[in-house]
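A short write-up of the structure that comes next.
Every read-out reported here was derived from the displayed coordinates using simple, explicitly stated rules and does not represent laboratory data. Fair warning: this is a prediction, and the values are worked out from it, not measured in the lab. Positions of Cβ are backbone-derived with ideal geometry, glycine not excepted, and every protein chain shown enters the neighbour counts.
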Amino acid sequence: MSAERTQPHPMEELLQQLVTCSQALLHSLEAERSALVDRDLDTLADITADKLHHTGTLEALERQRVQLVQELGFDNDAAGIRRCLRSLPRAGRLQALWQQLLANIRACRNGNLTNGGILELGRQHVEQALSVLRGQGGCPALYGQDGDAAPRLGQRDLGKA
């Protein structure tokens, strides 16, 4: 067997790195969600740094993937990527890695949206508590006079022109 046959194609190596990195990011998002729920600020700071590291690595690997697809003569759209992967050795393995990467990225997106929702809910609770402490009880209007959908709890108009 020749050395060429045993060496994976650079696309396979790159996709494997993307899958591994996206899984690490997904684990960071899951840990972040736990820290948010537990209100563990020390852990949250560490996880945020970890999450930023994985995000930066993922972006750099993605730039390399785009460049490799283009160097191989394919467009970097869904159809072009499918054609590219089918044209390479071990196409089945490449397509499986690509599908895993897409699933991981979707899960990361959903996890990030969930964590954002937890943060927003916490922010609203803090604003409501501040409102009560300031003696501004009651429910906020859904929309302010300026049409802003976010409640303006804890904020007061200083005057009108």
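How high is the FRET efficiency between Asp77 and Ala49 when r is their beta carbon distance and R₀ equals 22 Å, given to the nearest 0.05?
Between Asp77 and Ala49 the formula returns 0.05.
Quick check for you: which residues of the range 26-52 have the amide N under 17 Å from the point 7 Å beyond the Cα of Asn110 toward its beta carbon?
Under 17 Å, as judged by backbone N against the label point of Asn110, lie 26-34 of the range 26-52.
Could you work out the Kirkwood radius for the range 9-133, taking every pair of different alpha carbons, averaging 1/r and inverting it, reported in Å?
Answer for the range 9-133: a Kirkwood hydrodynamic radius of 16.4 Å.
Let me check I've understood the local charge: for Ala45, count other residues with C-beta under 12 angstrom from its C-beta, Lys and Arg +1, Asp and Glu -1. What total comes out?
Net local charge, Ala45 excluded: -4.
Provide the packing ranking of 9-19, 30-40, i.e. peptides ordered by the mean count of other C-beta atoms within 10 Å per residue, highest first.
9-19, 30-40
Computed FRET efficiency, Cβ-Cβ of Gln136 and Arg39, R0 22 Å: what is it to the nearest 0.05?
0.35
With no solvent and one point per C-alpha, what does the Debye sum give as log10 I(q)/I(0) for the range 1-73 at q = 0.17 Å⁻¹?
Each listed q corresponds, in turn, to -0.70.
Quick one: net charge around Leu94, please, counting Lys, Arg +1 and Asp, Glu -1 for every other residue with C-beta under 14 Å from its C-beta.
Charge balance in the 14 Å sphere: +4.
If we count every other residue with Cβ under 13 angstrom of Gly111's Cβ, Lys/Arg +1 and Asp/Glu -1, where does the sum land?
+2
Could you tell me the center-to-center distance, by alpha carbons, between the range 98-135 and the range 18-91 in angstrom?
20
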